[in-house]
Amino acid sequence: MQERQALSARRIDHDLLGFVLHTPLWFWIAAGVLGLLVSAFVGSVGLLVLFGLQLLGYTNVQYWTIFITHFVFWVGISHAGVMISAILRLTQAEWRRPITRCAEVLAIFSLITAAMFPLIHTGRLWRTAYWAFPYDFTRGIWPDVRSALIWDPSAIVTYLTGTALFVFVDLLPDLAVARDRSTGLRHHVYRALALGFHGSARQWRLQLTAGILLSALILPVFVSVHSIVAWDFAMAIQPGWHSTILAPYFVIGAVHSGVAAVVTTMIILRRFLHLDKYITLQHFDTIGRLQLVVWFGYLFFFLMDFYFGLFARDPVEVSIWELRLTQPPTNILLFIQVLTALIIPLPFWFSRRCRRNVSLMFWLSISVNVGMFLERYILVVTPLSVKQPFVYTWSPPYQPQVIEYVITIGSFALASFGLLLFAKVFPIIPLWDVKEGQVNSQEVQVGRREVPAAIHD
């Protein structure tokens, strides 16, 4: 069963292409603010390149900090694209139609943001190509192809390529509509991008088949990307990271944060693009139920990580958990993480009335990602914070510096800016998918009442 309003094809084109073909004032304000934050991000990275990583809060032993935290966090956000789009497309979930594209686009810009941080973390961006593609053959130094650090760029590039193809194939019918409704330079751009799509039966068949194939092919990549990120840590033989639970723990954590990020994006788009007729209360109700299921999976692996850390009875592992549980400010951050990612959202997701409250769902989604960011920060920083056996390796605890806060804010601005520009150039809700849902819409008899539903052949 599916709640929806009866909308004509002309009305759908008018509503969903309105922002693409006309520019409101708030767009320039938002683009200006985000552009300034992105400029601050780029300037901060430039300072790191010029003056080195001593501008950061690194210590003798604390060499993986906020940048690697961002890498893990943004890769996790990108999993929303597959979870919302590919899986729901394969299962023919009717409620997916208006939100699939924004999830996929969010995945693209999250991956781009994530891929930048390992490069920034090196301090010498131009030297990173050597690690993957050795050019100094005379030294006889080759990268270890068994390392997860080598597989990381392979998995991320594959995931990014697959997601971009997924978005482009899904965009073709909408590009054809935009081509027919635009003039001047826009018309020529949309005409080139539409690749001659004119809606023949053969073109529709190829487009739908390609979408299904890409949905199926991208699923293994979905699992492998964050598993490989987890192996970056687990294969280091570093107490606090060397655990077999990290791969599934990272994947379910990625889904938890990614779905929450999709909810945030949906609500912002619904508010500013006036999409109430397309992103309805039922979408928030359904995605809230999905978040509830993911919550229990995340809780299980969170507790398993705690249990595995103590069960081994390794003194360093125990010390890491003592640091997390008893020593400020880490124990305060852990408390906030558990409160925001686990405790606060649960009772609200159980209530249908709360799931259909758009404002409440917005703040719950923000709460989840605050907790998930802190979870990644604690996971990355605390294992390296434990005192080493040699006195000369002792150093003050890690303290983030101003430039790290600027880069953190700039990373969120970068992903948001990319999403905003995409929504301005291309329809952020798939026109053809919404129209197909209207064609499938019927009234069916359930007991003594007739309810709106979608019937597939």
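Take segment 31-78 and flag every residue that is in a loop (DSSP other than H, G, I, E, B) and in contact with a Ser or Thr (Cβ under 8 Å, 6 or more places away or on another chain).
Taking segment 31-78 as the starting set, the residues that turn out to be in a loop (DSSP other than H, G, I, E, B) are 52, 56-65.
Listed by number, the residues that qualify are Leu56, Gly57, Tyr58, Thr59, Asn60, Val61, Gln62.
With respect to the conditions (1) in contact with a helix residue (DSSP H, G or I) (Cβ under 8 Å, 6 or more places away or on another chain); (2) among the small types (Gly, Ala, Ser); (3) in contact (Cβ under 8 Å) with a residue 60 or more places away in the chain, Ser319 lacks only one, and its number is (1).
If a residue must be more than 15 Å from Gln291 (Cα to Cα) and either in a helix (DSSP H, G or I) or in contact with a helix residue (DSSP H, G or I) (Cβ under 9 Å, 6 or more places away or on another chain) (or both), how many such residues does segment 328-356 contain?
Total satisfying the criteria: 11.
Of the residues that make up segment 403-411, is at least one within 30 Å of Leu171 (Cβ to Cβ) and at pLDDT 80 or above? Before you say what the answer is, go through the steps one by one.
Let us first name the residues in segment 403-411 that are within 30 Å of Leu171 (Cβ to Cβ), namely 410-411.
Of the ones still in play, those that are also at pLDDT 80 or above are 410-411.
Checked segment 403-411: at least one residue is within 30 Å of Leu171 (Cβ to Cβ) and at pLDDT 80 or above.
Looking for something more than 30 Å from Pro427 (Cβ to Cβ), basic (Lys, Arg), over 18 Å from the mean Cα position of the chain (by Cα) and not in a helix (DSSP H, G or I) - is there at least one such residue anywhere in segment 297-317? Checking segment 297-317: at least one residue is more than 30 Å from Pro427 (Cβ to Cβ), basic (Lys, Arg), over 18 Å from the mean Cα position of the chain (by Cα) and not in a helix (DSSP H, G or I).
Have a look at Ala236, Ala210, Ala178 and point out the one that is among the small types (Gly, Ala, Ser), surrounded by fewer than 21 Cβ atoms within 10 Å (Cβ to Cβ), more than 20 Å from the chain's Cα centre (by Cα) and part of a helix (DSSP H, G or I).
Numbers: Ala236 fails: part of a helix (DSSP H, G or I); Ala178 fails: surrounded by fewer than 21 Cβ atoms within 10 Å (Cβ to Cβ).
The match here is Ala210.
Look at segment 100-129: where a residue is closer than 18 Å to Leu56 by Cβ and modelled with pLDDT of 85 or more and a partner is among the hydroxyl-bearing types (Ser, Thr, Tyr) and part of a helix (DSSP H, G or I), sitting 6+ places away or on another chain with Cβ atoms under 7 Å, you get Leu119/Thr128.
Could you identify the single residue in Trp64, Trp95, Trp74, Trp28 that is of a type in the set (Phe, Trp, Tyr) and free of Cβ contacts under 8 Å to residues at least 12 places away in the same chain? Quick ask: steps written out before the conclusion?
On the way: Trp64 fails: free of Cβ contacts under 8 Å to residues at least 12 places away in the same chain; Trp95 fails: free of Cβ contacts under 8 Å to residues at least 12 places away in the same chain; Trp74 fails: free of Cβ contacts under 8 Å to residues at least 12 places away in the same chain.
When all the criteria are applied, what remains is Trp28.
Consider segment 266-293 and keep the residues that are of a type in the set (Ser, Thr, Tyr) and either in contact with a Pro (Cβ under 9 Å, 6 or more places away or on another chain) or buried (at least 23 other Cβ atoms within 10 Å of the Cβ) (or both). The one that is farthest from Asn369 (Cα to Cα) is Tyr278.
At pLDDT below 90 and buried (at least 17 other Cβ atoms within 10 Å of the Cβ) - does that describe any residue in segment 198-205? For segment 198-205, residues at pLDDT below 90 and buried (at least 17 other Cβ atoms within 10 Å of the Cβ): absent.
The values are calculated or read from the model by the stated rules, or taken from the named source; none is laboratory data. Since the model is a prediction, treat every value here as computed from it, not as a measurement. Neighbour counts run over all protein chains shown; Cβ positions are idealised from the backbone, glycine included.
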